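Have a look at the structure below, then the notes.
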Amino acid sequence: MRPSLAALASLGLLLPTAAMAEGMPQLDFVTPLTTSQVVWGALIFIVLYILASRFALPEVASVLEERANHIARDLENAQQAKQKSDAAAAEVAQATAKARAEAQAAINAALDEAKAAATAQAATLNERLEKQLAEAESRIAVARASAMGALRQVATETAGTVIARLTGAAPEQARLDGAIAQALSLRGVG
């Protein structure tokens, strides 16, 4: 609901009287001194407004515009610098990945070369060991044959001595050799 103009006017007329009654003389428009102060205040305000709007405010506006342009240029320069740094970072990452790949390839080549050398050395050592083993086995076989031959002779002499002492007579050599051969063959000795 809107108040009527008459109500607002009556309120405006009552306001100075109420203000006087309350002790606010600056709102007492009945005195000519207050009216002249209000008129001069309005004239000074209008003159200051015109001066500010014609001279001061355009300067402020130009400073604000120059500052906005400066900020826009700085932002554009920052964007360009960021793009350059991103490109440089990508280039560094690519170079690092390439260097890692090359290093890994060199390591793999060195490992393959070392494995091949170790395999060749192991084959040479195995060949030499096989040769030494064959020689040792042949020496063992000769020594075993020699020992077996000596065993037959030692067994024959020992058995002949034991029989001669027990019986007092020398044993028959062919029969003794047959018994020794049979006993050695049962034992798996030659």
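Laid out as a table, the results:
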| quantity | calculated |
| --- | --- |
| Sole exception among (1) at pLDDT below 95; (2) assigned to a helix (DSSP H, G or I) for I71, by number | (1) |
| Flag for L57 being surrounded by 10 or more Cβ atoms within 10 Å (Cβ to Cβ) and modelled with pLDDT under 95 | yes |
| Of the criteria (1) modelled with pLDDT under 90; (2) hydrophobic (A, V, I, L, M, F, W, C); (3) surrounded by 10 or more Cβ atoms within 10 Å (Cβ to Cβ), which one W40 fails | (1) |
| Filter pass, S62 being among the hydroxyl-bearing types (S, T, Y), part of a helix (DSSP H, G or I), out of contact with any strand residue (DSSP E or B) (no Cβ under 9 Å at 6 or more places or on another chain) and modelled with pLDDT of 80 or more | yes |
| Qualifying residue in the range 164-184 (condition: at pLDDT below 90 and touching an Asp or Glu at 6+ places or on another chain (Cβ under 9 Å)) | no |
| Selection count, the range 93-150, where residues are over 43 Å from the mean Cα position of the chain (by Cα), charged (D, E, K, R) and farther than 30 Å from A181 by Cα | 4 |
| Residue check, A159 within 17 Å of I180 (Cα to Cα), in contact with a Leu (Cβ under 8 Å, 6 or more places away or on another chain) and either of a type in the set (A, V, I, L, M) or outside any helix (DSSP H, G or I) (or both) | yes |
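The values are calculated or read from the model by the stated rules, or taken from the named source; none is laboratory data. In this text the structure is predicted, and so the values were computed from the model without any measurement. As a convention, Cβ positions derive from the backbone with ideal geometry for all residues, glycine included, and neighbour counts pool all protein chains shown.
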